[in-house]
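See structure below.
The values are calculated or read from the model by the stated rules, or taken from the named source; none is laboratory data. Just so we're clear, the structure is a prediction, and the values are computed from it rather than from any experiment. We place every Cβ from the backbone using ideal geometry, glycine too, and count neighbours over all the protein chains shown.
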Amino acid sequence: MRKSQIVVWVFLIVAGIVAGNTVLNLSRTHEAVAANSEIYRQLDLFGEVLERVRADYVEEPDDRELIESAINGMLSGLDPHSAYLSPKNFREMQVQTRGEFGGLGIEVTMENEVVKVVSPIDNTPAEKAGLLAGDYITHLDGESIRGLTLSEAVEKMRGPVDSEIVLTVVREGMDEPFDVRIKRDIIRITPVRYEIEDDIGYLRVKTFNEQTYDELRDAIASIQEELGDELAGYILDLRNNPGGLLDQAIAVSDAFLDQGAIVLTRGRKSSESQRAAAKSGDLTDGKPIVVLINGGSASASEIVAGALQDQQRAEVVGSRSFGKGSVQTIIPLGTDGAIRLTTARYYTPSGRSIQAKGISPDYNVKQNLPEEMKERLTRPRGEAALRGHLSAEDGEETSGSVAYVPKEKEKDTQLQFAINLLHGEVPEEHEKAQNTTVPEKEAAN
């Protein structure tokens, strides 16, 4: 073939590639323009509805409340954990993560237009009044919650210290709703407490706020100083722990690990994926660990349990956790508050997604329930039961379990099992579940 013919063919090939790319780019541009046109059309619709409401509603509405309600509707339609935070609620949330706030002492979510109790906080008015995980709050001081956002309902439950509020509660197993009168108080959360159980260090982590890791570190040091060489191991109790700050969950996991992955987070774009790994230094010097979980263990507590389980650093005992495997980012809006937006899913070191599935314990141990509660707690619910929740990526959805913890230690079936396990005494009827893990190298890909 002559040189001139080669040049012609190369020109034709290049021209074809350029033409193909041009057609592809034009197609993408057309799609982008069409998408933008649809957005503008919907915004025009929103503007028209807003103006009709402002002009024709029977009473003159507040413009700010209209816009806030519209924003709340948009975010609550995404999933149960995304929400708009007014400037007041944003400030209160910042105070809460520091470990002190005013209110009743319950972690809640919204389900079927009513407030669902995820977990009462230890030693708070809500816990003392007998509220239980899984209770539904339908009325506040006789007024229905329906139509309120979660943020609005929470704001109504807060108020001056020593003021009272009446909650109307629906509890599974009870024929009729009942009222609970609670006096508001300052809620000071001590995230970690510890005890000595013979030769075992018991660590109760209630929530993950800014003080959690520091208090855990101090508790471990105190246990080591008190027991010395007699220390047989630790029980890390995460039952009814509703979660909190992601960085604290990573730090708490790191306290028990010397190396390896802790959690993987994956956002909408591959560039948003992140991997947290343990730093050298196990605060417990490799002592055996048992982690306790139940249906009230959610979010950050599931990250810790999943990390220690996958890294084969701890045995997990109890019942299936809540199943909240999503990460929320607080995005400030200047003087207009903030939005809490679900921005990623998280995965255990082996690549498991917990969303709408939960953590399955290595030893499934049923809690000892009082007779009067057996009928009420027969159908516990977790993330998988929340309306509008993010779907599990694969497999059948199933999360949540009984979230009851007895106040008397001798009646706490799960705690007694954990103590026996650390002493090498496992009943024959409790066979260890096969929770398979994969090498970290595979999970990180």
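Observations
- With respect to the conditions (1) surrounded by 17 or more Cβ atoms within 10 Å (Cβ to Cβ); (2) over 23 Å from the mean Cα position of the chain (by Cα); (3) of a type in the set (A, V, I, L, M); (4) not in a strand (DSSP E or B), Ile165 falls short on a single one, namely (4).
- Given (1) surrounded by 17 or more Cβ atoms within 10 Å (Cβ to Cβ); (2) under 22 Å from Arg387 (Cβ atoms); (3) over 20 Å from the mean Cα position of the chain (by Cα), index of the condition Gly103 fails: (2)
Residue-wise test of (1) assigned to a loop (DSSP other than H, G, I, E, B); (2) on the phi < 0 side of the Ramachandran plot; (3) of a type in the set (Gly, Ala, Ser); (4) surrounded by 15 or more Cβ atoms within 10 Å (Cβ to Cβ).
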residue: Val327; (1), (2), (3), (4): no, yes, no, yes
residue: Ala344; (1), (2), (3), (4): no, yes, yes, yes
residue: Pro349; (1), (2), (3), (4): yes, yes, no, yes
residue: Pro361; (1), (2), (3), (4): yes, yes, no, yes
residue: Arg387; (1), (2), (3), (4): yes, yes, no, no
residue: Pro406; (1), (2), (3), (4): yes, yes, no, yes
residue: Gln414; (1), (2), (3), (4): no, yes, no, yes
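- Scanning segment 110-161 for residues that are part of a loop (DSSP other than H, G, I, E, B) and without any contact (Cβ under 8 Å) to a residue 24 or more places away in the chain yields Asn123, Leu148.
- Selection status of Tyr136, among the aromatic types (Phe, Trp, Tyr) and in contact with a helix residue (DSSP H, G or I) (Cβ under 6 Å, 6 or more places away or on another chain): no
- Residue match in segment 55-72 (condition: hydroxyl-bearing (Ser, Thr, Tyr) and surrounded by 11 or more Cβ atoms within 10 Å (Cβ to Cβ)): yes
- Residues of segment 36-87 satisfying the condition of being in a helix (DSSP H, G or I), within 24 Å of Glu111 (Cβ to Cβ) and not hydroxyl-bearing (Ser, Thr, Tyr): Glu68, Ala70, Ile71, Asn72, Gly73, Met74, Leu75
- Residue count for segment 195-211, restricted to those that are more than 14 Å from Pro242 (Cα to Cα) and buried (at least 20 other Cβ atoms within 10 Å of the Cβ): 4.
- Residue match in segment 324-344 (condition: touching a His at 6+ places or on another chain (Cβ under 6 Å) and among the polar types (S, T, N, Q)): yes
- Among the residues listed as Glu397, Glu372, the single one being of a type in the set (Asp, Glu), in the same structural domain as Asn420 (by TED's automatic domain parsing) and assigned to a loop (DSSP other than H, G, I, E, B): Glu397
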